[in-house]
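Engineer: First the structure, which I've put down as structure tokens, then a few questions once you've had a look.
The values are calculated or read from the model by the stated rules, or taken from the named source; none is laboratory data. Keep in mind the model is a prediction, meaning the values are calculated, not measured. When we count neighbours, we look across all protein chains shown, and the Cβ atoms used for this are built from the backbone with ideal geometry, even at glycine.
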Amino acid sequence: MILLLAALLAAPAAAPAQQADDSYQAEPPQRIRSILIKPGEECPKAEGNEVVVCAPIESPYRVPLALRNEGPIKPKNQAWGARALALDEASRRASGIPDTCSPIGTGGQTGCTLQLIQQWQAERAAKARGQ
């Protein structure tokens, strides 16, 4: 019991010794600045009671490079609207209605031309992206 009483009396005496350090601030900073720095620039110095956080900017995109340019989206990750559109397009081609590039139906030749133009546009876009 006496040992416990001595420990309780000594605890408040140790607390002021911990706060004697000059780096301790009682209040939060007035301002926090987050700055994106281009290559070759330096981070500006903090003025007064502020914190400056600098981050290098490699490109204007915030998505990491490893996660970008994955190619086509997997069907399980597509929105239901995109999946419905793909299903509609597949059923159009199977039924042979106009503009479907099918030997069945009246508009097969125009559909084949349209399909070749769309394929050319996709190849051109992929080439421009560097894939």
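Engineer: Quick one: in the range 87-126, which of the residues that are of a type in the set (Asp, Glu) and modelled with pLDDT of 80 or more is surrounded by the fewest Cβ atoms within 10 Å (Cβ to Cβ)?
Structural biologist: The residue in question is 88.
Each row is one residue, and each column tells you yes or no for (1) modelled with pLDDT of 70 or more; (2) of a type outside the set (A, V, I, L, M, F, W, C); (3) in contact with a Phe, Trp or Tyr (Cβ under 9 Å, 6 or more places away or on another chain); (4) within 21 Å of residue 130 (Cβ to Cβ).
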{"residue": "26", "(1), (2), (3), (4)": "yes, no, no, no"}
{"residue": "30", "(1), (2), (3), (4)": "yes, yes, no, no"}
{"residue": "35", "(1), (2), (3), (4)": "yes, no, no, no"}
{"residue": "38", "(1), (2), (3), (4)": "yes, yes, no, no"}
{"residue": "42", "(1), (2), (3), (4)": "yes, yes, no, no"}
{"residue": "48", "(1), (2), (3), (4)": "yes, yes, no, no"}
{"residue": "56", "(1), (2), (3), (4)": "yes, yes, no, no"}
{"residue": "71", "(1), (2), (3), (4)": "yes, yes, no, yes"}
